[in-house]
Amino acid sequence: MKRITMMVLAAAFALGAATGAQAAAYSKCKACHNFNEKNKVGPAWKGIFGRKAGTYPGFNYKFTKYITGEPWVWDEAHLRKWMCNSKKAVKEFTGNPKAKTKMPPQKVCDPKKQDEVIAFMKTL
């Protein structure tokens, strides 16, 4: 019985440490984004993978007027560039040097930190 208790406690501790590391990686994000279906300042992350950019319901995007044709689809490659510098990324993704976004550059450019944020996003 003691052995099982110790194993359960060790697993809980490890899970808590992983959750704490993930929380640190996306702490900048949660100031403006919810992770469920409710809006804060920015659109919610729930269901972001495979979603067309600028299509989250109830949110007014600044960059959609610069998109010609179909918007890009959020995937890991797009999210990594966006996390590092959204101002630069929106120009690249739209193909328009005048394109703008409301989101300030977050400078989450470290691949390990990006991995943590993306791993969390995939759980939503």
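For the range 82-124, enumerate the residues that are more than 13 Å from the chain's Cα centre (by Cα), surrounded by 13 or more Cβ atoms within 10 Å (Cβ to Cβ) and either closer than 20 Å to SER27 by Cβ or among the aliphatic types (A, V, I, L, M) (or both).
Matches in the range 82-124: ALA89, VAL90, ALA99, LYS102.
Would you point out which residue out of GLY42, GLY54 is at positive phi and not hydrophobic (A, V, I, L, M, F, W, C)?
The match here is GLY54.
Does LYS40 fit the bill of being among the basic types (Lys, Arg), in contact (Cβ under 8 Å) with a residue 60 or more places away in the chain and either assigned to a loop (DSSP other than H, G, I, E, B) or touching a helix residue (DSSP H, G or I) at 6+ places or on another chain (Cβ under 6 Å) (or both)?
Spelling it out, it is not the case that LYS40 is among the basic types (Lys, Arg), in contact (Cβ under 8 Å) with a residue 60 or more places away in the chain and either assigned to a loop (DSSP other than H, G, I, E, B) or touching a helix residue (DSSP H, G or I) at 6+ places or on another chain (Cβ under 6 Å) (or both).
Within the range 80-119, how many residues are over 16 Å from PRO43 (Cβ atoms) and outside any loop (DSSP other than H, G, I, E, B)?
16
Specify the residue that is farthest from PHE49 (Cα to Cα); the eligible residues are those in the range 74-114 that are touching a residue at least 24 places away in the same chain (Cβ under 8 Å) and among the acidic types (Asp, Glu).
GLU76
Name the single residue, out of those in the range 31-52 being surrounded by fewer than 18 Cβ atoms within 10 Å (Cβ to Cβ) and of a type in the set (A, V, I, L, M), that is farthest from ASN96 (Cα to Cα).
Among them, the one singled out is ALA31.
With the requirement that a residue be over 19 Å from CYS32 (Cβ atoms), of a type outside the set (D, E, K, R) and not in a loop (DSSP other than H, G, I, E, B), what does the range 45-79 give you?
TYR66, VAL73, ALA77
When the range 53-64 is examined, which residues are found to be within 16 Å of ALA99 (Cβ to Cβ) and surrounded by fewer than 13 Cβ atoms within 10 Å (Cβ to Cβ)?
Correct list: ASN60 only.
Every number in this text was worked out from the coordinates using simple rules, so none of it is lab data. Since we're looking at a predicted model, the values are computed, not measured. So basically every Cβ, Gly included, is an ideal-geometry build from the backbone, and we count neighbours across all protein chains shown.
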